[in-house]
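Undergrad: There's a structure below that I have some questions on.
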Number of protein chains: 2
Amino acid sequence: MEKRVRLVDVARAAGVSQGTASNAFGKPHLVRQQVRDRIFAVAAELGYRGPHVMARMLRTGRAGALGVVFPDNLEYAFTDPVAIELLRGVGRECARQAVNMMIISAENQEQAISAVNNAAVDAFLVHCYSDNNDIISALRRRNLPLVGIDTDIRDAVASVVLDDYTGAAMAARHLLECGAGYFAILSLQANEAERFGPMDDKRRGAVSHRVVRERLAGYHAMLESGGVEVDDIVHIECDNLSEQASAQVRQLLIDHPKIDGILAMSDVIAIGALDAIKKAGKSVPGDIRVIGFDGIADGERTDPPLSTITQNSVEKGRLAAELALGEGDRRSRVLPTTLTVRGSTKA
Amino acid sequence: MEKRVRLVDVARAAGVSQGTASNAFGKPHLVRQQVRDRIFAVAAELGYRGPHVMARMLRTGRAGALGVVFPDNLEYAFTDPVAIELLRGVGRECARQAVNMMIISAENQEQAISAVNNAAVDAFLVHCYSDNNDIISALRRRNLPLVGIDTDIRDAVASVVLDDYTGAAMAARHLLECGAGYFAILSLQANEAERFGPMDDKRRGAVSHRVVRERLAGYHAMLESGGVEVDDIVHIECDNLSEQASAQVRQLLIDHPKIDGILAMSDVIAIGALDAIKKAGKSVPGDIRVIGFDGIADGERTDPPLSTITQNSVEKGRLAAELALGEGDRRSRVLPTTLTVRGSTKA
DNA sequence: AAACCGAAATGAATCGATTCAATAATGTAT
DNA sequence: ATACATTATTGAATCGATTCATTTCGGTTT
């Protein structure tokens with residue numbers, strides 16, 4: 001393995017200073033064409049591969065990359081349709097700003113922390129549900145611009161969240177308007193502890209995930225104003241995977257046959273619910289109305305098509321990236337949702 | 001903005017050499033506990049943030065990241081279900097090896113080249129259909145381990161491709177066995193020129209994308225052995241998006257009403273075809289048998305469920321990452337496919 | 001007390017660029 | 001021809017660690 005050709009070698013061989021050689025590559029307009037050409041010719045002859053990326057980074061302090069972290073579940077990033085849309089938006093903004101996208105990957109918390117510590121990036125984006133987490137602390141310690149998605153993070157330069165409360169309230173109002181009277185809420189995981197199934201008062205009081213807290217509050221407020229007692233609502237904490245959710249809903253239908261309105265905190269869960277209801281021989285929306293949350297593409301093709309609260313996840317990701325990379329004012333943003341009515345709530 | 005605290009500052013303040021201070025952080029077992037503790041205490045007091053990532057990289061020459069490039073279409077990575085599965089596999093292997101994943105992003109070819117040149121990574125993975133491309137040249141110039149996915153790349157340390165020929169042949173045989181006699185092939189894009197629609201001989205002779213070439217050959221060989229003339233097969237070059245493909249198939253059904261077997265080169269296209277056929281009032285598989293390629297999850301939930309040639313894209317990505325990061329023997333791999341029979345070909 | 005050994009610590013060299021104040025070269029106006 | 005701007009070039013300092021050959025230390029063994 002021969003030694004790498006360095007800029008200084010090229011400079012010497014071309015009979016110019018190292019500074020000029022550097023400019024020829026990085027700021028060509030500062031070097032006379034004649035000289036530039038000579039430098040390039042010599043570089044080609046010596047087999048110079050261009051400026052060393054890491055050396056340049058060290059000197060300039062810029063990494064040219066945006067770090068993206070998913071602390072809750074590392075594999076989640078390429079599994080959940082909403083996360084993928086988010087990444088699409090992040091990617092779009094990174095492309096616009098000519099910055100690469102570094103996805104922090106790890107198998108466990110400890111590894112994730114060292115991945116965060118070793119990532120050569122200019123800013124971090126973190127998608128998470130709660131912020132009491134060692135990975136978040138590691139991110140803070142890096143002292144780089146940090147933008148939280150879907151949760152507020154202390155010390156972050158900004159955050160991008162959804163107006164979850166209003167979205168949930170819209171969903172609940174719609175079900176009320178469609179005539180539902182007995183409700184079940186299919187919740188996303190409420191905190192770090194991986195526990196699924198029926199959600200009692202105690203568990204409902206220990207919700208650390210912002211998204212879940214806000215959506216529950218929105219559902220409850222609207223249902224109460226519609227004359228429904230919160231204690232009469234069945235709460236189930238579901239895994240955010242259609243298959244698992246489907247199994248949980250199957251049990252729900254057995255335990256609570258009167259249920260005629262289902263509020264799901266994600267479309268993935270709602271799709272599982274549709275499946276379970278169909279298998280149980282009940283009809284949607286005749287017997288049970290189902291509304292999801294997110295507005296993923298798959299919801300358009302279910303049978304019946306899924307009513308939902310639509311959010312623009314692509315824009316959420318793009319905006320977060322813009323805030324993280326941006327120099328301008330970095331106010332945190334709350335993004336709106338819209339009600340999308342399809343066949344699962346209205347015939 | 002105060003000046004950053006450096007390792008040398010910590011070392012001085014703690015009364016040890018810089019080398020020892022470095023070891024305290026990077027190789028703690030080489031430093032006596034007593035001394036180590038003192039160094040950490042001083043570091044905390046001075047507000048030292050830990051070793052500077054870029055400086056460490058420059059010195060060690062390791063970036064701790066794997067670059068992933070999609071030259072054909074940059075947004076494609078987070079849009080196509082197969083690409084997403086691929087990324088999931090890559091992510092899994094990166095996590096296993098405690099390496100981050102750098103996604104090269106750009107809006108155009110020129111930007112992509114400079115993104116490749118500025119990426120601090122230890123190896124590159126490139127997913128593409130053909131290798132005559134300036135981005136590929138830029139990748140080669142970096143002189144890092146390079147693994148090609150779905151196409152062979154000159155100078156790559158290895159490549160991971162599918163046994164496309166056999167997969168296509170299996171698909172064609174299956175349709176023959178199901179009694180189809182008049183075939184249409186819905187092809188992926190055959191080369192860099194973005195042209196869609198009917199594919200004449202000339203265009204079929206100018207296929208630069210390896211995947212398309214192999215699959216066409218597999219389809220043709222099997223159909224011919226089943227007594228079908230290649231010239232009697234209708235070829236349509238489709239955009240790899242369900243909506244667009246659907247529109248193209250609508251026209252196909254008008255122009256060629258006798259078609260009773262459709263071979264689609266991707267499930268995404270096949271799903272579009274199912275849609276168009278349903279809208280045209282024909283039945284699947286009664287009037288027309290449809291088989292896709294890839295085995296994406298969405299194909300299980302179409303109506304009827306989609307028969308397909310299943311590949312393991314997650315493993316394809318994982319394996320490619322392993323080869324790129326690995327030290328061991330790096331033979332190129334050809335991955336197998338399996339026939340998955342569902343309702344779109346057999347009642 | 002001398003000799004020896006392994007573990008711990010040292011400190012200068014190195015990784016490979018970019019930057020910027022100072023200087024030189026070139027061009028233009030008087 | 002002289003003065004004055006402009007544009008190019010120089011070269012040393014700097015970014016912030018890690019490495020490794022060498023020296024020092026502390027403890028055993030003879």
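Undergrad: Please report the orientation-averaged projected area of the range A:7-60, defined via the convex hull of its C-alpha atoms, in nm².
TA: In nm², the orientation-averaged hull projection of the range A:7-60 is 3.4.
Undergrad: If DNA, RNA and ligands are ignored and the probe is 1.4 Å, what is the ranking of A:THR302, B:THR151, B:THR338 by accessible area, most exposed first?
TA: Ranked list, largest accessible area first: B:THR338, A:THR302, B:THR151.
Undergrad: Can you give the FRET efficiency to the nearest 0.05 for B:ARG12 and B:ASP329, using r as the Cβ-Cβ distance and R₀ = 51 Å?
TA: 0.60
Undergrad: Given 20 Å bins starting at zero, what is the percent of C-alpha pairs of chain B in each, up to the one with the largest pair distance?
TA: 28, 43, 19, 10, 0
Undergrad: Averaged over its residues, how many other protein chain Cβ atoms are within 10 Å of peptide B:80-89's Cβ atoms?
TA: Across B:80-89, the average partner-chain Cβ count within 10 Å equals 2.
Undergrad: Over chain B, what is the relative contact order in whole percent, taking alpha-carbon pairs under 8 Å and six or more residues apart?
TA: Here the relative contact order equals 17 percent.
Undergrad: Please give the FRET efficiency for B:ASP152 paired with A:GLU45, using the beta carbon to beta carbon distance and R0 = 25 Å, rounded to the nearest 0.05.
TA: My answer for the efficiency is 0.25.
Undergrad: Looking at this model, which pairs from A:LYS258/A:LYS316; A:LYS316/B:LYS282; A:LYS282/B:LYS279; A:LYS346/B:LYS278; B:LYS202/B:LYS258 are more than 29 angstrom apart at the alpha-carbon?
TA: A:LYS258/A:LYS316; A:LYS316/B:LYS282
Undergrad: Enter the angle in degrees (range 0 to 90, nearest 10) between the Cα long axis of helix B:210-225 and the first principal axis of the Cα atoms of chain B, meaning the one along which they spread out most.
TA: Approximately 30 degrees, to the nearest ten.
Undergrad: A follow-up question, please. Output, in nm with one decimal and in ascending order, the distances from the B:LYS258 label point to the matching label points of the other copies (7 Å from Cα along Cα-to-Cβ).
TA: When each copy's label point is compared with this one, the spacings are 6.5 nm.
Undergrad: Scattering from the C-alpha atoms of the range B:297-347 alone, worked out with Debye: what is log10 I(q)/I(0) at q = 0.20, 0.27 1/Å?
TA: Reported log10 I(q)/I(0), two decimals: -0.73, -1.00.
Undergrad: Which is the longest part of chain B that has none of the GluC sites (Glu not before Pro) sitting in a DSSP loop with at most 16 other Cβ atoms within 10 Å?
TA: Formally, the longest exposed-site-free interval is B:3-106.
Undergrad: Could I ask something else about it? Working from Cα positions, state the angle (0 to 90°, nearest 10) between the long axis of helix A:109-118 and the longest principal axis of chain A.
TA: 30 degrees
Undergrad: Between A:GLY15, A:HIS29, A:ALA43, whose Cα lies farthest towards the positive end of the dipole of the range A:7-60 when Lys and Arg beta carbons carry +1 and Asp and Glu beta carbons carry -1, centred on the Cα centre?
TA: Of the listed residues, the answer is A:HIS29.
Undergrad: Sticking with the crude label model, points 7 Å out along Cα→Cβ, report the distance from A:TYR182 to B:LYS278 in nm, one decimal please.
TA: Going by the 7 Å Cα→Cβ label model, 3.2 nm.
Undergrad: What are the trypsin sites (Lys or Arg not before Pro) within the range A:68-160 that DSSP puts in a loop, where the Cβ has at most 14 other Cβ atoms within 10 Å?
TA: Passing both the DSSP loop test and the Cβ count: A:ARG154.
Undergrad: Once the Cα atoms of helix A:81-96 and of chain A are each reduced to a long axis, what angle between those two axes, in degrees from 0 to 90 to the nearest 10, is obtained?
TA: For A:81-96 against chain A, the angle is about 30 degrees.
Undergrad: Ok, one more. Can you show me the helix-derived [θ] at 222 nm for chain B, built from DSSP H runs with n ≥ 4 at -39,500 (n - 2.57) apiece and divided by the number of residues, rounded to the nearest 500.
TA: Value at 222 nm, helices only, nearest 500: -13000 deg cm²/dmol.
Undergrad: So what is the relative contact order of the range A:7-60, in percent, for Cα pairs below 8 Å that sit 6 or more residues apart?
TA: Answer for the range A:7-60 is 35 percent.
Undergrad: Here is a further query. Can you list, shortest first in nanometers, how far A:SER283 lies from the same residue in the other copies, with each label 7 Å from Cα toward Cβ?
TA: Copy-to-copy label distances for A:SER283: 2.3 nm.
Undergrad: Over the range B:296-347, what is the relative contact order in percent, taking alpha-carbon pairs closer than 8 angstrom and at least six residues apart?
TA: It rounds to 56 percent for the range B:296-347.
Undergrad: Only bridges with both residues in the protein assembly as shown count here: give the DSSP antiparallel percent, nearest 5.
TA: Expressed as a percentage, antiparallel bridges in the protein assembly as shown total about 15.
Undergrad: Now, a different point. In terms of the Cα gyration tensor, with a ≥ b ≥ c the square roots of its eigenvalues, is the protein assembly as shown rounded because a/c is under 1.5, prolate because a/b exceeds b/c, or oblate?
TA: oblate
Undergrad: Of B:GLY67, A:GLY292, A:ASN191, which is farthest along the charge dipole of the protein assembly as shown in the positive direction, counting Lys and Arg as +1 and Asp and Glu as -1 at C-beta?
TA: It is B:GLY67.
Undergrad: Probe 1.4 Å, all protein chains in place: accessible area of B:SER17 in Å², nearest 10?
TA: Here the residue's solvent-accessible area equals roughly 60 Å².
Undergrad: Testing the spin-label approximation: label points 7 Å from Cα along Cα→Cβ at A:ASP201 and B:VAL5. State their distance in nm.
TA: 4.9 nm
Undergrad: Taking the Cα centre of each part, how many Å lie between the range B:170-238 and the range A:128-150?
TA: If you average the Cα positions of each part, the centres end up 51 Å apart.
Undergrad: With +1 assigned to the C-beta of every Lys and Arg and -1 to the C-beta of every Asp and Glu, and no other charges, what is the dipole magnitude of chain B about the Cα centre in debye, to the nearest 20?
TA: Dipole size: approximately 2040 debye.
Undergrad: Mind listing which trypsin sites (Lys or Arg not before Pro) in the range A:288-347 are in a DSSP loop and have 15 or fewer other Cβ atoms within 10 Å?
TA: A:ARG331, A:LYS346
Undergrad: Considering only B:ALA180, B:ALA13, B:ALA193, give the residue with the highest GNM mean-square fluctuation for chain B, with springs between Cα atoms whenever their separation is below 10 Å.
TA: Highest fluctuation of the listed residues: B:ALA13.
Undergrad: I'd like the accessible area for B:LEU7: 1.4 Å probe, protein heavy atoms, all chains in place, Å² to the nearest 10.
TA: Rounded to the nearest 10, the figure is 40 Å².
Undergrad: In debye to the nearest 20, how big a dipole does the protein assembly as shown give about its Cα centre with +1 on each Lys and Arg Cβ and -1 on each Asp and Glu Cβ?
TA: I would put it at about 3100 debye.
Undergrad: Can you work out the PRE-style zone for A:ALA193? Point 7 Å along Cα to Cβ, and I want the residues of the range A:235-266 with backbone N under 15 Å.
TA: A:237-238
The values are calculated or read from the model by the stated rules, or taken from the named source; none is laboratory data. All values derive from a computational prediction rather than experimental measurement. As a convention, Cβ positions derive from the backbone with ideal geometry for all residues, glycine included, and neighbour counts pool all protein chains shown. Remember, those area values only see protein heavy atoms, side chains included, never the ligands or the DNA or RNA. Shrake-Rupley method; radii C 1.70, N 1.55, O 1.52, S 1.80 Å.
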